[in-house]
Amino acid sequence: MDDRYNPEKVESRWQEYWEKNRIFRASEDESKKKYYLLEMFPYPSGKIHMGHVRNYTIGDVVARYKRMNGYNVLHPMGWDAFGMPAENAAIDNKTHPATWTYQNISTMKGQLKRMGFSYDWEREVATCKPDYYRWEQWLFLKMLEKDMVYRKESYVNWCEHCQTVLANEQVEDDSCWRCGEMVQQKKLFQWFFRITDYAEDLLIHCDKLPGWPEKVTLMQKNWIGKSTGSEISFKIETDACNAPCNDTSCKSKESNKDINKTQIKEDYIKVFTTRPDTLFGATFMCLAPEHPLVESLSKGTEQESAVAAFVDKISKQERSSSSIEKYEKEGVFVGAWCINPANGRRMPIYTANFALMEYGTGAVMSVPAHDQRDFDFAKKYNLDIVVVIQPKDRETLDPSTMIEACPDPGVLVNSGKYNGMDNFEAMDKITSWLEKEGLGKKTISFRLRDWGISRQRYWGTPIPVIHCESCGVVPVPESDLPITLPEDAHLLDNGGSPLPTLDFFKQAACPKCGRTDAKRDTDTMDTFVESSWYFVRYCSPHCSNAMFDKDAVKYWMPVDQYIGGVEHAILHLLYSRYFMRVLNTLGLIDFKEPFTNLLTQGMVLKETLKCPEHGYLFPEEAKISDGKASCTKCGKDVEIGRVIKMSKSKKNVIDPNDLLNKYGADITRLFCLFASPPEKGLEWNDDGVEGCYRFINRVWRLAALCMDIAKDVKAYNGPLAELSYSDAKKLYTKAHQTIKKVTDDIEGSFHFNTAISAVMELVNAMYSIELNAASSEEVKSVALFCIEHIILLLSPIVPHFAEEVWELMGKKSGTITEQSWSSYREDALVTDEILVVVQINGKLRSKFAIDANSSDELIQKTALADEVVQKYIEGKDIKKVIVVKKKLVNIVV
RNA sequence: GCCUGGGUGGCGGAACUGGUAGACGCAAGGGACUUAAAAUCCCUCGGAGCAUAGCUCUGUACGAGUUCAAUUCUCGUCCCAGGUACCA
């Protein structure tokens, strides 16, 4: 045996062995319990970084652990291979997105293999391959048939200079990241999945996912955002000119006529409100700038141009939620009024940037006294504030002295016949009254919006429809699938998709009428679509006549344990849940929830570095000392940015290759796990890796020692009571406690850091006893038991190392990968003495050891008799003594 | 802004359901072994103070509160991270 663990020699040897013997190949076997362990597949951005290493190490340990527990484990890996970075790289490096992507896949696959992960590589999928995305196109057609997809106009970020659509990430400070031009919004017809049809179901099942972290289901619930309230109709005031009159030259009459003819189908504005109880306090109305009434109501009034200018300004602004919130709340009077149905009040109608067309009805009844946003708006534009809810135990609210809105519950005032009523009761009463009058009803509204999937990009799944002037939108016939992405395309320097410029792709015959001048849709799908069903494809990745093999899916799905970054808590996980509902509705599967258990890993973080000349820098491109950094290329001062999640686009990534070259896969794996528990974020720093290296070698030497001195003895695994030496007893107990601790830590919470600590403690305990050739047979055989289980417990974490030691220890019954997980004896867990601490007034003053079976009375007596305790309680009244069994005594004096 | 988490020594972290704060490891300092170095082993290690075998006070972002007892529960404040619908 070498005197030290040699990763270079050992790791490749075992990797070859596993691969050659197809150890990790999974196949359906009805006689065995299945376990589908999945880690989120990576986007092939270049090289793997520590975030990947951490995620995949966690998964691999679980996979190996479950395998040792007798499960038939499916542990696949693949590539989320479509996406924008491939296009950006193609422009920057003058390559093709496919070339770049496949090269990255090859590099990253090599790195993953070098980590020794136990994947069944025979199931690898890459979403950019036609044999994958053809089934996505197929599903799109099925969804189209069932009206689960539709087209509508919606906005995209548009750079006029580059003549291209920008992703939110490509917009920096309202400007294009390539040219700096101010970004505008452009309306385009786009495809949407009707995810809102499942809003209620997705919401209800959030509470039926006990294997998910509560924070994730909570975030999803808030994202879906169900609110119950009322829809209320406000009559639009028709001015005097609409009454019969003889003045034919009246301008306003003309314009009103025009409105009646073309735009206004009903003369009511519908709002959604969660606070119908405050209806009497509604003093003005706010419409979303895109609301159809905004244009029609303002037309012909003196506000027309001001409104048009406002709408134009808003339409150019960014539309992401975070940006919208950034803008100051503002609005413009549209030149018309509506009538509050409760009290007949004339309410001016505004259009305001905080009213969102996507939410509710696109109109908000504003109650400034009881809503902060409305309050601010009313103050800004000098609008009336009327208090209608008076909280109990608070002085009477007075609009003239209020400095903020009061959203609290209370009793109704200024509300006609509802005065004095509790506001919760009033919600129902007012809504019922409105319902009777035909002016309102109870409604439910969701924050969740339909999923827009059209992307004006090249590197994605083509949307399989054809646009024909005669027939409109025509689905591509199933037999024509896949619609393959043309590979002989060159990315445009402006970042736009080349697809609309490729006539051979774009031109198509209409499948319905045969017209030869029809046009193929040149948009591709959002890449979240691919990742919403890849885990189903893994069950039968080579199935060529269907999206998946039903039996294989029935056997493997749902995923038993899903592991991935918490960054995906909402979008990816919600879309995947939605997709399973679609497949379920289409009768393709019989379950709805894809992931039974979920572990969301915390992000691996690193500061960003930005050089004024070279932009973002990789960590190795900057020299850092004393909190200052300089660029290795130009020497200029580098701005050290915030500590954020590792991502290729910000270049704050750590390539694991340096660690792998120096320490090998096992120590890298061990260190990643030891550094912190998985759910916690981790600011990257490899300072502790040396300790892991030392630990592995301590175990290595310990194994060598045991083999040397205990050649002729067998490992002891009998009852604790049959041991006689105190060293042997202590060690034996410690070993069983360690097995329990490690098992519990993995099983309960995946807290590998504390599991590893426990093994370290056992190793330390072995080093602390006299262990040599002269030791008793009993101590030797307990030591042998310990080292065998140390290796078994560590084997999912450091598998190469464990295989090597296992083999060197002369284990003949197969590799360690195929061994059973260690089990502990209850009888060996208990010690006969316990430590009791004594507090006086909650402060620790003394401790003593006592027989583990002592009664509370005896413990209390012993505590009071304690010498140190005596000193403290002398001459004082003992008010109370609290005994926490087998642990603590607190004496209150 | 909004939603969700988090904040414990010089550092990563530990502490079961409210019951010994700092397990395990890193770094640092001291020592042993060695011609030397590496490796290995041993000791110290939150802060302050004192009459220094030890003892006392203080300490889990900050400020209040509940409790015999709070890192743990409640309220408020600050800071950091993730998401915010076209990054994946």
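The values are calculated or read from the model by the stated rules, or taken from the named source; none is laboratory data. Since this is a predicted model, take the numbers as computed values, not measurements. Because the Cβ atoms are built from the backbone with ideal geometry, glycine has one as well, and the counts that use them run over all protein chains shown. Accessible surface areas use protein heavy atoms only, side chains included; no ligands, DNA or RNA. Shrake-Rupley method; radii C 1.70, N 1.55, O 1.52, S 1.80 Å.
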Heavy-atom accessible surface of chain A: percent carbon and sulfur, 1.4 Å: 49
Got a sec to turn the phi values of the range A:136-147 into Karplus ³J(HN,Hα) couplings, 6.51 cos²θ - 1.76 cosθ + 1.60 with θ = phi - 60°, whole Hz, x for Gly and Pro? 5, 5, 4, 5, 4, 5, 4, 5, 4, 4, 8, 6
Protection-proxy order for peptides A:390-398, A:882-890, A:48-56, A:491-499, each taking the mean of Cβ atoms within 10 Å per residue, highest first: A:48-56, A:491-499, A:882-890, A:390-398
Part-to-part distance (alpha-carbon centres) for the range A:835-885 and the range A:599-626, which is given in Å: 55
Amide H contacts under 5 Å for A:Ala518, restricted to residues at least 5 apart in sequence or on another chain and with H modeled in the peptide plane, are A:Ala508, A:Cys510
So, relative contact order of chain A in percent, Cα under 8 Å, 6 or more apart, is 13
What's the local net charge at A:Asp526, with K and R +1, D and E -1, over the other residues with C-beta under 13 Å away? -3
Against the longest principal axis of chain A, how steep is helix A:726-749, in degrees 0 to 90 to the nearest 10, with axes from Cα atoms? 20
Could you give each residue of the range A:273-290 its phi-based ³J(HN,Hα) in whole Hz, using Karplus coefficients 6.51, -1.76, 1.60 with θ = phi - 60°, and x for Gly or Pro? 9, 8, 10, x, 5, 9, 3, 5, x, 6, 10, 8, 10, 10, 10, 5, x, 8
Long-range HN-HN contacts of A:Thr164 with modeled amide H, under 5 Å: A:Cys159
Which trypsin sites (Lys or Arg not before Pro) from the range A:790-877 combine a DSSP loop assignment with at most 16 other Cβ atoms within 10 Å? A:Lys811, A:Lys812, A:Arg825, A:Lys876
Surface accessible to a 1.4 Å probe, per residue, for the residues of chain A, Å²: 46
Checked against a 20 Å limit on the C-alpha separation, the offending pairs among A:Lys187/A:Lys226; A:Lys221/A:Lys270; A:Lys146/A:Lys592; A:Lys94/A:Lys623 are A:Lys187/A:Lys226; A:Lys221/A:Lys270; A:Lys94/A:Lys623
Between A:Val73 and residues 5 or more places away or on another chain, the pairs with built amide H atoms under 5 Å apart involve A:Tyr35
So the angle from the long Cα axis of helix A:97-114 to the longest Cα principal axis of chain A, reported in degrees to the nearest 10, equals 20
Post the alpha-carbon centroid distance, the range A:13-71 to the range A:320-392, in whole angstrom. 55
Starting at the first residue of the range A:66-78, write each ³J(HN,Hα) from the Karplus equation 6.51 cos²θ - 1.76 cosθ + 1.60 with θ = phi - 60°, in whole Hz, x for Gly and Pro. 5, 4, 5, 8, x, 7, 8, 9, 9, 9, x, 8, x
Around A:Glu613, with a cut-off of 14 angstrom between Cβ atoms, what is the net charge of the other residues, counting Lys and Arg +1 and Asp and Glu -1? 0
A:Asp827 paired with A:Lys436, simple spin-label distance in nm, labels 7 Å along Cα-to-beta-carbon: 8.0
What number comes out for the charge environment of A:Phe375, summing +1 per Lys or Arg and -1 per Asp or Glu over other residues with Cβ under 13 Å away? -1
